[in-house]
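Right, one structure below, let's go through it.
The values are calculated or read from the model by the stated rules, or taken from the named source; none is laboratory data. For clarity, every value in this text was computed on a predicted model and none was experimentally measured. All Cβ positions, even for glycine, are placed from backbone atoms using ideal geometry, and neighbour counts span all protein chains on display. Remember, those area values only see protein heavy atoms, side chains included, never the ligands or the DNA or RNA. Shrake-Rupley method; radii C 1.70, N 1.55, O 1.52, S 1.80 Å.
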Amino acid sequence: MLVLGSGPIRIGQGIEFDYSCVHCVWALQEMGYRAIIANNNPETVSTDFDTGDGLYFEPVTHADVMDIIQHERPYGVVVQFGGQTAINLAEALDKQGVKILGTSPAAIAQAEDRNQFERLLDRLSIPKPPGRAVKSLDEALVVAEEVGYPVLVRPSFVLGGRAMEIIHDADHLRGFYQEAEDANPGQPVLVDKYFLGQEAEVDVISDGVDTLVPGIMEHVERAGIHSGDSMAVFPPVSLSARVQAQIVERACLIARDLGIKGVMNIQFVIVDEEAYVLEVNPRASRTVPYLSKVTGIQMVKLASRCMMGEKLADMGYSSGLWELGSTDGASVSGDHAPKADGSIRTVTQVAHGLGQPRLYAVKAPVFSFQKLGQVEPSLGPEMKSTGEVLGIDVSYEAALYKAMIASGIVFKPRGQVILTVQPADKEIAVEIGRAFHERGYALGATGGTCDALSAAGIPAERLNKVQEGSPNLLDRLFAGEVSLMINTPTPGQRAGSDAARIRRACIETGVACVTSIDTAQALARALDVFENAELAVCRTVTEYVAGRESVVG
C-alpha cells in the first residue's frame, strides 16, 4: 500500500496530516500489509526511515507518484490522510487505472465539485448558504446581488483558505475577484452568502453504511475566521442539544450518501438554531490529532480499517455521537474500543440532551507574525497560523487560559488594556471592558469605543488614533505602557491602514493583540483563571480523558 503525505509544511498544511499518515501506516502494518510512504518533508515522522516499510522522499505530484507506482506496483494508494495535496491527485491517478483506497474518486469529486455537492444537499434536504460557482466577474456580481451582500468569495481546490475574502459591496468585489481567480486558474470561483453565525465542525469515520461522530467542535470565533486560525472547543459550550443532533444527523446522511470509507470533515455555520453545511472535505482534517487525543478514539486506525473494507459494526461501533462518560448509549468493547469509557448516542438521544462534560479541550492557533514582517496580523477567511496548541481542563475557563497562555496571549496582571473596535463590535466591547474594569484594570480606548464605554459607566482614558496626532496609540505602545490590545478591523480594511500599523506595532513591541471580538470575549471569560492560576487543574491528557487523577498503564 502506498500512503501519500502532504508534502512540505506550509500555512494550511502542517504536521497534523503527518500524524494521520503515520497512524495510517501503523494501522496498515497491523492489518498485515506492507505500507510505504511518499512524502518530501524532512521535518516530520513520516519521513523517518523506519516509520514505514519503505520511503520515497519525492514531491507529492502526479508525475512523481506515478513513477513510484510503476516501480512498486502497490495494490492501492491512500490519498485521504495527506491533506488537499494528496486528495487532489485522486482523479488523475484513477484515470490512469490506479486503485484509490477507501472513498471513491467519484465520491471525492462529488464532495468537492460545487454543482454536484449542491445537488447532493438538495436531495438530502440539508440547507447550505445560498450561492453559486462562477467563472467571470460579471457572473460573480450577479450572484452577489441575488443573495445579498456580504458574500464570501473563494477559489476552488486551494489550501488554507488562500485568496478567500468576505466582500461587502460591488466595488470591493471588483477589486478582489481577479485575486481569487488567479489563485487556481481554470477552476470556478465560489460566491456564497456570508452568514455571521457560530461555526462548528466534525470529523467523522464511516464504512459507507454506519457513521461514527467522535465529537463536535465549536469554534470560539464566529464565521469569517478560517477554521485553522480560529479557536475551537470540545465539547461545544453554547450549541443546543437540538443543533448538535442536527449536526450528527446531517453528517451521517452525507457520509452514507457519498459512500465515505474512511474519514471526512464537515464544517457548519449555525444561524437561528439551524445548522447549514459550509463545506465537506472527504479527507482527514487538521483537527484529527486533537480530537483523537481528547475523545480516546483511535480515529485514524478505525478510518484505515474502514478504508480497507472492514465494517464499524464488526469493530463494535454503531452510528451516532460518542460521548465520554455516558452510559445510556451503545457501549463499545473489543480490540478497537476507545481508550476511555463512554457510549455512542443516537440522534434522538443527543436531541434529548447531553451530560455534564468530563473535560473541556480548547485548540488555539499559533502565529509567526514576528518572523513574517509584511503579514497583516488581523484574522479573516485566509489562514495565517503556523501551528496550534491544546489546553485541557475540567472547566472551560481553565482550558481557555491554558490554550491562550500556550499560544502567546500573555499580558501583565495590572496594566492598561486598550480597546479600539469596529462599530459592530462596540456592544460586546462594553461587556469586555466591564469585565476588565471590575477586576481593577485601567482601560484606554479610541473615540467611538471610548464613548460606548463611558455611556455604560465604565471609565476609560480617551486615546488619539494615529491620524489624530500625538500622543496616540503608537506612542503609548512604544512607550511600553500597554499590556493588552483589543483591536478589531473594519471590514475591507487593508494592510497599509493606520489600524494595521497599530497591530504591527503590537508585534514589534511584544504586546498581545487580539483582533477578533469573540477571542477577546473568551479572554474576558477566563480572567479569573489568569489572575489565579490555581483554578486550573494539572493532569495528564490520559487522566483528563479517563476522568480521574491517577491512571496507571
Residues of region 1-41 being of a type in the set (A, V, I, L, M), closer than 19 Å to P289 by Cα and open to solvent by 40 Å² or more (accessible area, probe 1.4 Å), which ones?
I9, I11, I15
Do we find a residue being buried (at least 23 other Cβ atoms within 10 Å of the Cβ) and outside any helix (DSSP H, G or I) anywhere in region 252-261?
yes
When you check Q267 against the structure, is it within 30 Å of A109 (Cβ to Cβ) and modelled with pLDDT under 95, yes or no?
yes
Return the residue satisfying two criteria in turn: it lies in region 421-456 and is part of a helix (DSSP H, G or I) and of a type in the set (V, I, T), and of such residues it is nearest to A499 (Cα to Cα).
T449
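Yes/no matrix, rows are residues, columns are (1) open to solvent by less than 10 Å² (accessible area, probe 1.4 Å); (2) closer than 20 Å to L196 by Cβ; (3) in contact (Cβ under 8 Å) with a residue 40 or more places away in the chain; (4) acidic (D, E):
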residue	(1), (2), (3), (4)
V417	yes, no, yes, no
D425	no, yes, yes, yes
R434	no, no, no, no
G447	no, no, no, no
A456	no, no, no, no
S470	no, no, no, no
E481	no, no, yes, yes
R503	yes, no, yes, no
C513	no, no, yes, no
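If you scan region 71-88, which residues turn out to be surrounded by 22 or more Cβ atoms within 10 Å (Cβ to Cβ) and either in a loop (DSSP other than H, G, I, E, B) or touching a Pro at 6+ places or on another chain (Cβ under 9 Å) (or both)?
Across region 71-88, the qualifying residues are V79, Q80, F81, G82, I87.
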Can you name the number of the only condition in (1) among the charged types (D, E, K, R); (2) part of a loop (DSSP other than H, G, I, E, B); (3) farther than 21 Å from G228 by Cβ that D64 fails?
(2)
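Working only within region 272-307, note down all residues that are open to solvent by 40 Å² or more (accessible area, probe 1.4 Å) and of a type outside the set (F, W, Y).
D272, E273, E274, L278, E279, K293, Q298
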When restricted to A546, A536, the only residue in contact with a strand residue (DSSP E or B) (Cβ under 6 Å, 6 or more places away or on another chain), open to solvent by 10 Å² or more (accessible area, probe 1.4 Å) and over 30 Å from F478 (Cβ atoms) is A536
Might you check whether a residue that is farther than 18 Å from F81 by Cβ and touching an Asp or Glu at 6+ places or on another chain (Cβ under 6 Å) occurs anywhere in region 265-279?
yes
By residue number, the members of region 301-323 that are of a type in the set (A, V, I, L, M) and over 19 Å from W26 (Cβ atoms) are L312, A313, L321
Does M383 qualify as being part of a loop (DSSP other than H, G, I, E, B) and either under 28 Å from L196 (Cβ atoms) or in contact with a helix residue (DSSP H, G or I) (Cβ under 9 Å, 6 or more places away or on another chain) (or both)?
yes
Residues of region 332-391 being free of Cβ contacts under 8 Å to residues at least 40 places away in the same chain, surrounded by fewer than 20 Cβ atoms within 10 Å (Cβ to Cβ) and of a type in the set (S, T, Y), which ones?
S333, T346, S368
